[in-house]
Structures are given as structure tokens and as C-alpha cells.
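Read through the structure below, which is laid out as C-alpha cells, and then see the notes.
What follows is calculated from the coordinates using simple rules that are stated; it is not laboratory data. Since this is a predicted model, take the numbers as computed values, not measurements. Positions of Cβ are generated from backbone atoms using ideal geometry, with glycine treated the same way; all protein chains shown enter the neighbour counts.
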Amino acid sequence: MASREQFSSKFGFIMAAAGSAIGLGNIWGFPTQTASNGGAAFVVVYFMMAFALAYPALMAELIIGRHSKSNILTALRGIAPNQASRILGTGVGIYGVIIASLILSFYGIVAGWMLCYLAESVTSLLGWDSASQWLVSFGNERNIISMGIFMLLTMYIIANGISGGIEKWSTRLMPMLMVILAGLIIYVMTQPGAGEGLRVYLLPDFSQLKPSLFVDAMGQAFFSLSLGVGTMLVYGSYLSNKESLPRLGVMVTLVDSGTAFVAGLLIIPAIYVAKQYGANIFTEAGDLIAGPDLIFQVLPTLFESMGAIGMWVALAFFILMSIASLTSSISMLEVPVSLAVEETSFSRRQATLVIGTLIFGCSTVILFNFGTLFDFVINLTTVYSQPLLGLMLCVFAGWIWHRDNLLQEIKAGHPEIEGTFFWKVWPNYVKFVCPLLVLTTLIQSIGG
């Protein structure tokens, strides 16, 4: 058996892990959640939850992943001490792979829309009106072609392995994402209405500090770090034993939550700039428009009203969104591909082709039954399954895996860990507090 690939640098891992975490939901979800939940009051609670919930759960995945040097299924079976826990590990691992694949099946559809709007900003600059109209018209032909192109891009990166694919492209795309984000923020801040958006985003409304805000912040922190489906576990499996996992976890959490916050400095002012240009930015219930409607209705109205410069701003914005889509999708495809490569006779390229094609087929089924399946798959995977899987990974790290083995794995890259605050707090925290917090989020999701 060939030696297992690793990330070649700490920077490469941080960019890949942050890229996995910084996706479409992070860029459009966090800012609108903030604006609807008391502005800066939500931001403060979100950062608290990022370190109170997301960081400890992230550490559980990274530690199990690096110890096992394998996919989620093999990893959980490997740390199980008896037959019953091995059966549980097998079930959780298989379910995690299925959910990661289902997330990618709807994510690929939305990412395909991003590519369409990116292409439309180019065709508009060239004056190709009929092509522009086709690109922004919802239809199965357009959706399948754009989703197929996006899946091919994702498959190309995964087929080239860890250092030659995931790490290589993450270290190129993530800095590009940061530069475009910064440039767009600077431009939007010069527009009328941006100040109003900044006030909504940054001035706290402490009257909004109620239980639902804490639950929303908890859910956002959990989902924004791609936790539960094994993406971080698999990325952790490609880490060198020399790396300090607690420090790397802090860096990834900071980069992810920091980028979410910075994205808010673009999205919320841009929404209020669009309002100045005549766009309707509120739903009938009085909330800010969020999700796909924000990206594909409110902001295009803003770009169109800006005249010639708006086409260039639209181009930069949809490049940003396409990069965010791609850095997340590669981590999701790696979950089933790593399992196939390690548990079957498939090569990485064969596994990528077969699994990528199956997920493309699943996306096509969703598209042909869009009204019935699209929201159902999103809710099944992100609202219900991700917290449940996150809960199970905390149970494996806190209850099933022997504490001495856990300590030895962390000490590999951090020999003095036993005397640190992290080791005094984290084992019991991930054993008792994390499952309770995740369970609270899950119950709230089901109830609400």
C-alpha cells in the first residue's frame, strides 16, 4: 500500500480547513442572521459560541482523524473498544458519508447558479444579451449544465490528491477570496446607504438577547465550521504528527469566524445600498431578505442600477461566491472519496469519477423534482443530520475512546499538553457540555 498523503504545510491545512468552512452559507447566512438578531449583540454571542461549541467539536474531529489516518468509517471503528461500539461507529461513519454526499448534491446546484451569474456578468460586459438572458433564467437545461461544470471542477481538484489538489488550490483560492472580499468592501463603503447598513450590523441591540438568539448563534457557529459530516476529521487525517492540534484548531476557528464577520461588512452595507437604489430588501414579515433571494434578486438589482461599474462589481462578487462554493465542495467530496480509496480497490481518480458521477445523478434527480426535494434535502442534512452526527462524534471522543489514548494523540504534536488549560477543560467539556449544547440546537431545530 502506498504511503498516505499529508498536507505539506501548516498554511496549506489552515487554508483548506478554512476553505471548507467558508462557504455560501457563511457569506450570506451569517450577515443576515446578525442583522435579524440585534446586530453586534449577535456577533458577540456568535464568537462566544464559536469557541464554546464549534472549537471543542472541531478538536474532537481533528484528534480522531489524525490518530486514525483514515476516513470517517475506519476512524470510528478503529477507536471503538468493543463490538457494540464498532457497530455504532460503522453506522455513524456510513451516515456521515451519505449526508456529506447529499449536502454536495444540493450545494452543487446552488454553486452552479453562482457560475451562471458569474458567466452572465461576463456576457453582459460583452453585450451578449441573449446569452445573458439564458444564464439568469431558471430552467433544467441551464441548471444541469452549470451544476455539471461545477462538479467537474470539484472532481478535478479531488482527483489530484491532497498536496497536488486540495492544498494546491486552497492556497491559491483562499487568498484570492480574501483580496476580492476586501476590495468589494472598500468599494461598497463609498456608496450611499452603506453607513445605515454598518449601523445595523455593528450597533448592538441588547433587547434582542433572548434564548432564540443564543440558539441561532450556536447553530451558525456549528454549521459554519463544517462540523458533523467528517470533513474536518478527514482533513485531520492528513496532518503530520508534529503539528499541535489545539493551536491549529484555534487558527481555523479564528479564520472562519473572522471571515464570516468580514463578509458581514460587505453584505449588510450592500443590502442597504441596494435599498437606496430602489430594491426591496425586506420580506413580508419585515425581516431582511436572506439566502438565494438575497444573492440572485437583491444584489443583482444593485449591480444593474450602478451602471457600467456595476457589471465589474458583479463580476468580482460572483467570482468571490464561486470560490467560496468550490473550497467547500472539495472537502465534501473528499469524505466519500477517502472512504472508497481506503476500503476498495479503486484508485483516487477512479473513486472520484464514480462518486462524482453518482452525486451528479443525485443532483439531477433533485432538479427534476425541485419543489419536492430541494428544501427537503437541505433540511434533512443541515438542520437535522449535521447536529446529530456532531453529537455522535463528541460521544466517540468523550465517552467511547479511552482517555489515555486521546491524551497520547494530542501529546504527539504538543508534548506539554497535560499541564495546559486545554487538557484540564476539554476532555470533560467534550464529554458533557458539547453534547448538551448540540442536543439543545437539534431539539430547537426540530421544534422550530
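Taking Ser68, Ser338, Ser207 as the candidate residues, the one with maximal mean-square fluctuation in a Gaussian network model of the chain, Cα springs under 10 Å, is Ser207. Among Ala18, Ala119, Ala54, the largest mean-square fluctuation in a Gaussian network model of the chain, built with springs joining Cα atoms closer than 10 Å, belongs to Ala119.
The loop-placed GluC sites (Glu not before Pro) in the stretch 369-448, going by DSSP, that have at most 12 neighbouring Cβ atoms within 10 Å of their Cβ come out as Glu416. A simple rule links phi to the HN-Hα coupling: the Karplus curve 6.51 cos²θ - 1.76 cosθ + 1.60 with θ = phi - 60°, which for the stretch 220-236 gives 5, 5, 5, 5, 5, 9, 6, 8, x, 8, x, 5, 6, 4, 5, 4, x Hz, with x for Gly and Pro.
Taking a straight Cα-Cα cut-off under 18 Å and skipping sequence neighbours fewer than 8 places away in the same chain, the aspartates and glutamates within cross-link reach of Lys431 are Glu61, Asp404, Glu409, Glu418. Taken one residue at a time, the phi angles of the stretch 51-63 give Karplus couplings (6.51, -1.76, 1.60, θ = phi - 60°) of 8, 7, 10, 5, 4, x, 5, 4, 4, 4, 5, 5, 5 Hz. Gly and Pro are set to x.
Would you give the gap between the C-alpha center of the stretch 297-312 and the C-alpha center of the stretch 334-392, rounded to a whole Å? Answer, in whole Å: 35. For Lys168, a cut-off of 27 angstrom between C-alpha atoms picks up these lysines, skipping any fewer than 8 places away in its own chain: Lys10, Lys69, Lys242. The fraction of all Cα pairs in the chain landing in successive 10 Å bins from 0 to the largest distance is 4, 21, 32, 26, 12, 3, 0, given as whole percents. Once the chain from Val179 to Phe374 is taken as fully extended at 0.36 nm per residue, the excess over their C-alpha distance is 66.9 nm. In units of the compact-protein estimate 2.2 N^0.38 Å, the stretch 24-165 shows a Cα radius of gyration of 1.44.
Compute the longest continuous run of the chain that contains no exposed trypsin sites (Lys or Arg not before Pro); treat a site as exposed when its DSSP state is not H, G, I, E or B and it has at most 15 other Cβ atoms within 10 Å. Longest stretch, sites excluded: 5-241. Taking square-rooted eigenvalues a ≥ b ≥ c of the alpha carbon gyration tensor, is the stretch 331-448 rounded, prolate or oblate, where a/c under 1.5 means rounded and, failing that, a/b exceeding b/c means prolate? It comes out oblate by the Cα gyration axes.
Which net charge results when you count Lys and Arg as +1 and Asp and Glu as -1 among the other residues whose beta-carbon is under 14 Å from that of Glu304?
Its environment carries a net charge of -2.
Label-to-label distance, Leu439 versus Val354, with points set 7 angstrom from Cα along the beta-carbon direction: 3.9 nm. Counted by Cβ distance under 12 Å from His67, the other residues give a net charge of +1, where Lys and Arg count +1 and Asp and Glu count -1. The stretch 144-207 and the stretch 417-444 have Cα centres lying 31 Å from one another. In plain terms, the residue of Trp28, Trp128 with the fewest other Cβ atoms within 10 Å comes first and the most crowded comes last, giving Trp128, Trp28.
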